[in-house]
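Here is the structure we will look at, set down as structure tokens.
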């Protein structure tokens, strides 16, 4: 690869020097190059939410963002969600409510929920619907996702 | 060896056979103290007191690995916290039919052998301690991974007893623990895997990394039974990161359609997944689209319905139904149609294989690690002993990962390059060129006497026979006629799909029962009560997989309970209810939907489910399975389904093969009935009742009988 493909990424507070096609979606950079496998591939078109990460704190579908468009941004993945404790408050709520079944979509679910709770300390049912309806779950864990968000919200108050 | 024969042998011998395989016959030489001990194929104990449950079943999200670990902990008398879980490689010779995971049998079939294996191990440790302490085993007991001397405070860890334990013979008889002594079974347990999942660290097949790994994506023939003519890969090869492009030969679908069925294709080999998926789009492939190039699902519907007009033959006849059907000209007929469905597991199909010439290693999330190993032996000619089939957790399976084609592809490519290859299916691949729940046409008829009393009912449709997985529980005489099949083979290859043929069977049966209730001017629930109260126990043990007969009284108990829980008949103004009930193997479920009409659109408010699945191991996981099954069933009833035009699947991704979302999910109340019967499985029983309960509620609300799935537009 020529030097034009060298880039520096900021993921979970750490700088990574990478070399790859500049049009490579962030998802595949995370998974195949940085080996941060917690972010999942499922649809590739931003229609399921399994690949959700935070870009400067905002939830985005990492399958649909070219890596060279976000070099100046701070990326947070599921691996970097918990800043201090072993588990973030959302992850703790997910554990307490026994949310995951197969678990494959849950990184994306948790990243969407974490953003919701950061911006809305007391989300209504409708707020939860709006924030979470872009995240699909084939196992059908939606009822427990809702409960876990409510649980996390009350533990944050 | 036929899989079924193996099952028969092991089930007769129980855990004892599995145990004795590992007990050395000569006990003269104590083994090295540093070596761990595998007293049976499910357990390894290390000298540092690490105890590992080797889970033969696949973890697909149903929680089987946690449930089985609870059983191990309760019978071996150890702390669940201290029990590690590993997944066993595919091994028919070790696990027989206790490995490949389907039919909601994960826990049910292991319930006895696993407990026996653990009880034997526990007793051997007691015997070992007694021998060291020079006392009788009856004067010792075990608790939390330790053996105690009853008379004083002497104790020994299991691990410290290994060196002697492994020389001792298994006792002839062991006593299993009583239900009242269980510490874990029956209580909600959140397994260790959940903590790993919420941290994004659970290892799925798609996460496999190996030195020198080659990433592959395959362009497959878009029409089933088509062939590869030629391809131009010039542009694809120019894409940076592409290593090679090669043909993937098709494999013939086998009589057991779990094996074979690799479509002809062209594989891109690349240095990462994205390059492979992108370069695939640059291929120019010339296909011979074969016999189905002009065929659509509407043609399948037409030809199946045409067959309904032909003379019927009887497959099975219950209570002289065929004669009773003929005895009257007063009849009604109702024909139900349900669409193709894709499994659409959130983790797209993928498999990694490394064919080293004399050894093949496979890493895949699969429901059939043992069957796949057998299949790769058939495909390559290498002995099964040279094939290592690692079983990783799956991001959903729902039946699709019981079909080996995606693993065969990885082996076929690796065979050519002798490097480890990971084949990843794009989402589009999983929707357009996969295997599918079949298109079904299912027709019921009933005859009435001159007083309008129902004499008998008859079924003809795409379900081949009545059995434990597509049961008939009622006292009303019923005849099952010859099956409807597609002319010149299936338009799309078949996949198992959560609840399999129970979905069309129960859809049509439970909607038709509702139609019959209306002819008798009876309440839908009371009508079912009548038909179940008189029903006799139904033999269904003819299939080895089926664990028990069908007890209509058990189904009745779930119906009576759902009547109360759903507040049947008193649900309030503007709320309409529909009910359906079914058994599935040896589990039973009744379901009621509460719906309303808002601007002529249906709104689902609530689902109330009552389930009898025998002894409940882990109530949190059982409830999760019922909740998930109802959401699964609603997707099939209300969303797009798979349609086919000119041989090609029309849908391609989640934008047009949509799944139910959080904002569309109704309140779900699950009630699990107490039972001391053996655990009987919870992953599928609640799926087939969903569509009929919903359609029956729609009838209650609108007076319209919907007989085709999915329900289009939801407007009435």
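Derivation of every value follows stated rules applied to the coordinates shown; laboratory data play no part. In this text, all values refer to a predicted model and were calculated from it rather than measured experimentally. Note that we place each Cβ from the backbone using ideal geometry, even for glycine, and neighbour counts take in every protein chain shown.
Which percent, nearest 5, of DSSP beta bridges in chain B are antiparallel?
Numbers: 83 of 109 bridges.
Roughly 75 percent of the beta bridges in chain B run antiparallel, per DSSP.
According to the Kirkwood expression over distinct Cα-Cα pairs, how big is the hydrodynamic radius of segment B:458-601, in Å? Could the numbers behind the result be given before it?
Values: mean 1/r = 0.0598 Å⁻¹.
For segment B:458-601, inverting the mean 1/r across all distinct Cα pairs yields 16.7 Å.
Which percentage, to the nearest 5, of the DSSP beta bridges contained in the protein assembly as shown is antiparallel?
Values: 96 of 124 bridges.
So the antiparallel bridges in the protein assembly as shown amount to around 75 percent.
Whole-Å semi-axes of segment A:65-112's equivalent ellipsoid, largest first, each the root of 5 times a Cα gyration tensor eigenvalue?
Numbers: eigenvalues 123, 41, 8 Å².
Those come to 25, 14, 6 Å.
Per-residue counts of other Cβ atoms within 10 Å, averaged by peptide: what ranking do you get for B:91-98, B:547-554, A:136-143, highest first? Write down the numbers at each step before the final one.
Working: B:91-98: 20.4, B:547-554: 18.9, A:136-143: 27.0.
Packing order, densest peptide first, comes out as A:136-143, B:91-98, B:547-554.
With Rg and the Kirkwood Rh both taken from Cα atoms, where does Rg over Rh land for segment A:62-146? Mind showing how you got there, number by number?
On the way: Rg = 13.6 Å, Rh = 14.0 Å.
Computed over Cα atoms, the ratio is 0.97.
For segment A:1-149, report the translational diffusion coefficient in µm²/s to the nearest whole number, using Stokes-Einstein at 25 °C, 0.890 mPa s, and a Kirkwood Rh over Cα pairs. Please list the in-between numbers first.
On the way: Rh = 15.7 Å.
Reported coefficient: 156 µm²/s.
Provide the packing ranking of B:100-108, B:383-391, i.e. peptides ordered by the mean count of other C-beta atoms within 10 Å per residue, highest first.
Working: B:100-108: 24.9, B:383-391: 19.2.
Result, highest mean first: B:100-108, B:383-391.
Direction-averaged shadow area of the convex hull around the Cα atoms of chain B, nm²?
On the way: hull surface 135.4 nm².
Seen from a random direction, the Cα hull of chain B projects 33.8 nm² on average.
Given Cα pairs under 8 Å that are at least 6 residues apart, what percent is the relative contact order of segment B:547-597?
Here the relative contact order equals 41 percent.
I'd like the distance separating the alpha-carbon centroids of segment B:69-141 and segment A:100-145, in whole Å.
Centre-to-centre (Cα) distance: 38 Å.
For chain B, what's the relative contact order in percent, using C-alpha pairs closer than 8 Å and at least 6 residues apart? Write down the numbers at each step before the final one.
On the way: 1599 pairs, mean separation 98.9, N = 716.
Relative contact order of chain B: 14 percent.
Output the 0 to 90 degree angle, nearest 10, between the alpha-carbon long axis of helix A:142-156 and the longest principal axis computed from the alpha carbons of chain A.
90 degrees
For the protein assembly as shown, what is the mean residue ellipticity at 222 nm derived from helices alone (per DSSP H run of n ≥ 4: -39500 (n - 2.57); sum divided by total residues; nearest 500 deg cm²/dmol)?
On the way: 22 runs with 250 residues, N = 873.
About -9000 deg cm²/dmol.
Using only the Cα atoms of segment B:639-716, construct the convex hull and provide its projected area averaged over every direction, in square nanometres to one decimal.
On the way: hull surface 33.6 nm².
Averaging across all directions leaves 8.4 nm² for the Cα convex hull.
Using alpha carbon centroids, what distance separates segment B:401-427 and segment B:247-262, in Å?
A separation of 13 Å, based on Cα centres.
How many nm is it between the label spots at residue B:308 and residue A:119, if each spot is 7 Å from the Cα in line with the beta carbon?
Each label point lies 7 Å from its Cα, and together they span 5.1 nm.
If you rank A:124, B:180, B:566, B:328 by fewest surrounding Cβ atoms within 10 Å, what's the result?
On the way: A:124 9, B:180 5, B:566 25, B:328 16.
In order of increasing Cβ crowding within 10 Å: B:180, A:124, B:328, B:566.
Most exposed first by the Cβ proxy, i.e. fewest other Cβ within 10 Å, how do B:503, B:480 rank? Kindly include the intermediate steps, with their values, before the conclusion.
Values: B:503 29, B:480 22.
So the residues, fewest neighbours to most, are B:480, B:503.
Convex hull over the alpha-carbon atoms of segment B:224-331: what's its volume per residue in Å³? Walk me through the numbers before you get to the answer.
Details: hull volume 19.9 nm³, N = 108.
Enclosed volume per residue, from the Cα hull, is 184 Å³.
Calculated FRET efficiency, residue B:144 and residue B:112, Cβ-Cβ r, R0 30 Å, to nearest 0.05?
Details: r = 24 Å, r/R0 = 0.80.
That gives a FRET efficiency of 0.80.
From the square roots a ≥ b ≥ c of the eigenvalues of the alpha-carbon gyration tensor of the protein assembly as shown, which class results: rounded (a/c under 1.5), prolate (a/b over b/c), or oblate? Please report the intermediate quantities before stating the final value.
Working: a/c = 1.41, a/b = 1.09, b/c = 1.30.
Judged from the Cα gyration tensor, the protein assembly as shown comes out rounded (a/c under 1.5).
At q = 0.17, 0.21, 0.23 Å⁻¹, what is the log10 ratio I(q)/I(0) for segment B:416-526, with the Debye formula run over Cα points and no solvent?
With no solvent term, the Cα-only Debye profile gives -0.90, -1.17, -1.31.
Report, in whole Å, the centroid distance computed from the Cα atoms of segment A:33-65 and segment A:71-91.
What the calculation gives is 14 Å, centre to centre.
Hey, fewest Cβ within 10 Å first, where do A:116, B:412 land in order?
A:116, B:412
Tell me, what is the percent relative contact order of segment B:242-396, built from C-alpha pairs under 8 Å that lie six or more residues apart? Working shown, then result.
Numbers: 139 pairs, mean separation 21.6, N = 155.
It rounds to 14 percent for segment B:242-396.
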